[in-house]
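The values are calculated or read from the model by the stated rules, or taken from the named source; none is laboratory data. Source: prediction; values computed, not measured. Note that each Cβ is placed from the backbone with ideal geometry, even for glycine, and that neighbours are counted across all protein chains shown.
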Amino acid sequence: NAGVMQNPRHLVRRRGQEARLRCSPMKGHSHVYWYRQLPEEGLKFMVYLQKENIIDESGMPKERFSAEFPKEGPSILRIQQVVRGDSAAYFCASSQAQGAANYGYTFGSGTRLTVV
Amino acid sequence: KQEVTQIPAALSVPEGENLVLNCSFTDSAIYNLQWFRQDPGKGLTSLLLIQSSQREQTSGRLNASLDKSSGRSTLYIAASQPGDSATYLCAAGLSGGGADGLTFGKGTHLIIQP
């Protein structure tokens, strides 16, 4: 079991470019969560997805950010027209269906986005 | 809105000491509380998960307790080792509607001196 896989590990983008972050949940997990960790800040919830559905995106910035979890393939966090303030570590977590209360969340190693 | 606070923000102790990390949360309607470890530049490793119906969990030299009524959790590390140096994060899972994710504290940065 490879755990939660995130790629790339490091991503550098120039201001105005697009960033695409990928997350493959653990085998058997159907719930995916994205978190952002800004320098010197705690992890902040962004979005919660199940296959083909966004369940809660209350933590997502209103503009430039979007997320999807298609029927096939990894979950994608997309940031359009990146700005320096988007520089952060982005973590993905997964959980079993209806299992987060009992089994908790498993996190990936994160993608560190640097906007130059 | 759930808020999670961790005290102290940083801690440095000699090897071999027992220590306690504190976590408090404002909304007691949690369904679980999870402690993680984060090494510099790395992801999060889950250490202990306490469900809302439980009062403590143990794994090796680690023991975590949960007191929902007072909104507190502690992580006890026995016989600390240099390899325990890391940032320890506390996260509360809130039951009910809204985000099904976790609310994190800012962490305690722990250094164990050899």
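Within the bounds of region B:48-60, is there any residue that is in contact with a Leu (Cβ under 7 Å, 6 or more places away or on another chain), facing chain A (nearest Cβ under 10 Å) and not hydroxyl-bearing (Ser, Thr, Tyr)?
yes
Only one residue in A:81, A:98 is assigned to a loop (DSSP other than H, G, I, E, B), at pLDDT 95 or above and more than 8 Å from chain B (Cβ to nearest Cβ), so which one is that? Write out each step before concluding.
Working: A:98 fails: at pLDDT 95 or above.
Among A:81, A:98, only A:81 is assigned to a loop (DSSP other than H, G, I, E, B), at pLDDT 95 or above and more than 8 Å from chain B (Cβ to nearest Cβ).
Please list, ordered by first then second residue, the pairs with beta carbon atoms under 8 Å, 6 or more apart or interchain, first in region B:36-62 and without any contact (Cβ under 8 Å) to a residue 24 or more places away in the chain and under 15 Å from residue B:22 (Cα atoms), second part of a loop (DSSP other than H, G, I, E, B) and of a type in the set (Ser, Thr, Tyr).
Nothing qualifies.
Keeping to region A:42-54, report how many residues are surrounded by fewer than 18 Cβ atoms within 10 Å (Cβ to Cβ), more than 9 Å from chain B (Cβ to nearest Cβ) and either under 18 Å from residue A:85 (Cβ atoms) or not charged (D, E, K, R) (or both).
Summing the residues that are surrounded by fewer than 18 Cβ atoms within 10 Å (Cβ to Cβ), more than 9 Å from chain B (Cβ to nearest Cβ) and either under 18 Å from residue A:85 (Cβ atoms) or not charged (D, E, K, R) (or both) in region A:42-54 gives 3.
Could you please let me know if residue A:62 is in contact (Cβ under 8 Å) with a residue 24 or more places away in the chain and over 11 Å from the mean Cα position of the chain (by Cα)? Talk me through it step by step, then tell me what you get.
Working: in contact (Cβ under 8 Å) with a residue 24 or more places away in the chain: no; over 11 Å from the mean Cα position of the chain (by Cα): yes.
So residue A:62 does not fit the description; no.
Give me a count of the residues in region B:55-72 that are surrounded by 14 or more Cβ atoms within 10 Å (Cβ to Cβ) and of a type in the set (S, T, N, Q).
First, pick out the residues of region B:55-72 that are surrounded by 14 or more Cβ atoms within 10 Å (Cβ to Cβ): B:56-57, B:62-66, B:68, B:71-72.
Add one more test, that the residue is of a type in the set (S, T, N, Q), and what stays is B:57, B:63, B:65.
Final tally of qualifying residues: 3.
For residues in region A:1-25 being among the small types (Gly, Ala, Ser) and in a loop (DSSP other than H, G, I, E, B), which is nearest to the chain's Cα centre (by Cα)? Walk me through how you get there before you give the answer.
Taking region A:1-25 first, the residues among the small types (Gly, Ala, Ser) are A:2-3, A:16, A:19, A:24.
Now narrow it down to the ones that are in a loop (DSSP other than H, G, I, E, B): A:2-3, A:16.
Values: A:2: 17, A:3: 15, A:16: 20 Å.
That would be A:3.
Could you tell me which of the residues B:1, B:68, B:106 is more than 10 Å from chain A (Cβ to nearest Cβ), at pLDDT below 95 and more than 30 Å from residue A:53 (Cβ to Cβ)? Outline the logic, then answer.
Numbers: B:1 fails: more than 30 Å from residue A:53 (Cβ to Cβ); B:106 fails: more than 10 Å from chain A (Cβ to nearest Cβ).
The conditions single out B:68.
Check region A:55-68 and report whether any residue there is within 9 Å of another protein chain (Cβ to nearest Cβ), under 21 Å from residue B:88 (Cα atoms) and surrounded by fewer than 22 Cβ atoms within 10 Å (Cβ to Cβ).
The answer is no; no qualifying residue exists.
Inspect region B:73-82 for any residue being under 17 Å from residue B:107 (Cβ atoms) and aliphatic (A, V, I, L, M) and give the result as yes or no.
Looking through region B:73-82, at least one residue is under 17 Å from residue B:107 (Cβ atoms) and aliphatic (A, V, I, L, M).
With respect to residue B:114, determine if the residue is surrounded by fewer than 21 Cβ atoms within 10 Å (Cβ to Cβ), over 24 Å from residue A:49 (Cα atoms), of a type outside the set (Lys, Arg) and at pLDDT below 95.
Numbers: surrounded by fewer than 21 Cβ atoms within 10 Å (Cβ to Cβ): yes; over 24 Å from residue A:49 (Cα atoms): yes; of a type outside the set (Lys, Arg): yes; at pLDDT below 95: yes.
When the stated conditions are applied, residue B:114 passes them.
Where in region A:26-76 are there strands (runs of 3 or more DSSP E), lying wholly inside it, with at least 3 residues that are more than 23 Å from residue A:114 (Cα to Cα)? First the steps, then the outcome.
On the way: elements: A:31-37, A:43-50, A:53-56, A:65-68.
Of the strands (runs of 3 or more DSSP E) lying wholly inside region A:26-76, those with at least 3 residues that are more than 23 Å from residue A:114 (Cα to Cα) span A:43-50, A:53-56.
What are the residues in region A:19-30 that are crowded, with 23+ Cβ neighbours inside 10 Å and within 13 Å of another protein chain (Cβ to nearest Cβ), if any?
Matches in region A:19-30: A:23 only.
State whether the residues of region B:19-26 include one that is among the hydroxyl-bearing types (Ser, Thr, Tyr), within 14 Å of chain A (Cβ to nearest Cβ) and touching a residue at least 60 places away in the same chain (Cβ under 8 Å). Spell out the reasoning first.
Residues of region B:19-26 that are among the hydroxyl-bearing types (Ser, Thr, Tyr), as a first pass: B:24, B:26.
From what is left, the residues that are within 14 Å of chain A (Cβ to nearest Cβ) are B:24.
The next check asks that each one be touching a residue at least 60 places away in the same chain (Cβ under 8 Å); those that pass are none.
No, region B:19-26 has no match at all.
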